[in-house]
Amino acid sequence: MGRRRKRRNSGFVFHLEVSNQDSAAIHAMRKPNETAEQAALGALRAGYKRIARDRLNNAISRGEIGRPDECQGCGKKGATTAHHTDYAQPFAVKWLCGRCHEKAHKDAKVWGMVR
């Protein structure tokens, strides 16, 4: 039995059945040099990432955590986004402006911390 994928189309949600074989073929086209172990690790990371984001966003919505209006990287006033350095700690984030957030991700890739 394959996975079910949700698709949105003008407000309606419908499901497409995708067989495991088709799913593997689609994945192989996107990342042809990736082994099955690397793919599994990437899926695990994506799961932790989603959980960390959801927990943080829920805490912000409930008012348990405040979103500062100053970047912790450069001190610029304005909108900030949360940058997780460790997804196992969803509330340990740096609040960064868009430019600093992008730089943090580029630096992490250079040092091999992110795929």
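The one condition from (1) modelled with pLDDT of 85 or more; (2) in a helix (DSSP H, G or I); (3) β-branched (Val, Ile, Thr) that Ile65 does not meet is (2). Exactly one residue out of Asp54, Asp107 is at pLDDT 90 or above, part of a helix (DSSP H, G or I) and exposed (fewer than 12 other Cβ atoms within 10 Å of the Cβ), and it is Asp54. Of all residues in segment 65-101, exactly one satisfies the criterion of being under 19 Å from Arg45 (Cα atoms) and of a type in the set (Asp, Glu), namely Asp86.
When Gly42, Gly63 are screened for being in contact (Cβ under 8 Å) with a residue 40 or more places away in the chain, out of contact with any strand residue (DSSP E or B) (no Cβ under 8 Å at 6 or more places or on another chain) and of a type outside the set (A, V, I, L, M), only Gly42 passes.
The values are calculated or read from the model by the stated rules, or taken from the named source; none is laboratory data. Note that the structure is predicted; figures quoted are calculated from it, not measured. Using ideal geometry, Cβ is built from the backbone for each residue, glycine included, and neighbour counts are taken over all protein chains shown.
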